[in-house]
């Protein structure tokens, strides 16, 4: 089935579902009641960092912040008795007075009785397999479908936040996006990278003429590859004309990366500018330390180019550099990720989730995450095909960015 046919069938399946009223409780006074639908809940998991902040509070601009949100119920797909993934939710439920449920529908109030003001879908971490491309088979799509079934049966809907990717599979991600649009409920997604602190506090001017960008990053190609793409996209979407979509992608690995570097397939000055911002950069050159480098090459429809260099063993942070037409010097910044256990980069993300739950409108376009999810899928496919260049209409996702970048400024420690 081609993409056009799959979208036609999706549209048929969703006919008559648009315009569901928001749950009446969403306008009631008092804290917003949310359901947290998780893969797992253990120390330092994403659900721990996001749902935990909504329950315990966190820091905003150096001051304690108490969310106007209450976790009413929680569903966890997995419970682990011991080890690194030891479950914390059972003990926490007694302390914070929320209900643990056996099904996603029950977490939302029941199949025909939606009674929460919003849903958190935090399917990151846990014991899930990888496919042959190295993608983690998180059941985000399947969990989302169960949430939507409650919306359909109750004839009501509420905002849904999806942590990180929409799905590892671009077709599933597109269906999630199309479903939210057809049914008329707010959808927010993505990671903390676009909204965490930057050093320096820089962003491209809205409408800037951008020629090229380089992102330097580290660690797992699936887990951190998504973060790197979100860094790239939150910068490039601000270019003149807005986001035009992507024409093609290609993944290089090993010596092919060094050969492409030597040939000048990306701006070496941009790569060096990004690396200069890194606080973790090792001495010497990348090829002195990195055993298996990876390069994601992205060509946009409007001709803008980008390269994402995975350099584990040489850097342990994420930096980016952008070439603006008419400016002789590249602009570079470091995306600050304060270390666990606090991992305070979740503070800005949780803050914007709160805003979303309050208004039903994502502070930044969900199309950004639809695009980054889609690109990561095709970059894995390119890698699986030995570095083949892949062009596909699914990557041609055009949208306009928000006027504000929404990244946090100022201190990330307590005042």
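The values are calculated or read from the model by the stated rules, or taken from the named source; none is laboratory data. Because the structure is predicted, anything quoted here is derived from the model rather than measured. So basically every Cβ, Gly included, is an ideal-geometry build from the backbone, and we count neighbours across all protein chains shown.
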Open item on the list: Checking the conditions here, which among 136, 122 is in contact with a strand residue (DSSP E or B) (Cβ under 7 Å, 6 or more places away or on another chain), crowded, with 16+ Cβ neighbours inside 10 Å, within 15 Å of residue 35 (Cβ to Cβ) and touching a residue at least 40 places away in the same chain (Cβ under 8 Å)?
Closed with: 122
Task: Single residue of the stretch 62-82 satisfying the filter (crowded, with 20+ Cβ neighbours inside 10 Å and over 23 Å from the mean Cα position of the chain (by Cα)) that is nearest to residue 126 (Cα to Cα) - done: 73
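Which of the following residues is within 20 Å of residue 377 (Cα to Cα) and either surrounded by 14 or more Cβ atoms within 10 Å (Cβ to Cβ) or under 22 Å from the mean Cα position of the chain (by Cα) (or both): 300, 314?
Among 300, 314, only 300 is within 20 Å of residue 377 (Cα to Cα) and either surrounded by 14 or more Cβ atoms within 10 Å (Cβ to Cβ) or under 22 Å from the mean Cα position of the chain (by Cα) (or both).
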Task: Unmet criterion (only one of (1) part of a loop (DSSP other than H, G, I, E, B); (2) modelled with pLDDT of 95 or more; (3) over 23 Å from the mean Cα position of the chain (by Cα)) for residue 95 - done: (1)
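For the stretch 359-397, give me the residue count where each residue is in a loop (DSSP other than H, G, I, E, B) and either in contact with a helix residue (DSSP H, G or I) (Cβ under 7 Å, 6 or more places away or on another chain) or in contact (Cβ under 8 Å) with a residue 12 or more places away in the chain (or both).
Within the stretch 359-397, residues that are in a loop (DSSP other than H, G, I, E, B) and either in contact with a helix residue (DSSP H, G or I) (Cβ under 7 Å, 6 or more places away or on another chain) or in contact (Cβ under 8 Å) with a residue 12 or more places away in the chain (or both) number 13.
Got at least one residue in the stretch 165-182 being on the phi > 0 side of the Ramachandran plot and touching a residue at least 12 places away in the same chain (Cβ under 8 Å)?
No: the stretch 165-182 contains no residue that is on the phi > 0 side of the Ramachandran plot and touching a residue at least 12 places away in the same chain (Cβ under 8 Å).
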Open item on the list: I'd like the full set of residues that are within 22 Å of residue 324 (Cβ to Cβ), in contact (Cβ under 8 Å) with a residue 40 or more places away in the chain and not in a helix (DSSP H, G or I), limited to the stretch 249-295.
Closed with: 265, 266, 267, 277, 278
Task: From 348, 341, residue being outside the structural domain of residue 67 (by TED's automatic domain parsing), outside any strand (DSSP E or B), buried (at least 21 other Cβ atoms within 10 Å of the Cβ) and out of contact with any strand residue (DSSP E or B) (no Cβ under 8 Å at 6 or more places or on another chain) - done: 348
- [ ] Take the stretch 273-297 and flag every residue that is farther than 15 Å from residue 335 by Cβ and surrounded by fewer than 20 Cβ atoms within 10 Å (Cβ to Cβ).
- [x] 282, 283, 284, 285, 287, 288, 289, 291, 292
- [ ] Quick one: count up the residues across the stretch 172-212 that are farther than 27 Å from residue 118 by Cα and within 21 Å of the chain's Cα centre (by Cα).
- [x] 6
Open item on the list: Being touching a helix residue (DSSP H, G or I) at 6+ places or on another chain (Cβ under 9 Å) and on the phi > 0 side of the Ramachandran plot narrows it down to one residue among 284, 245, 241, 254; which is it?
Closed with: 245
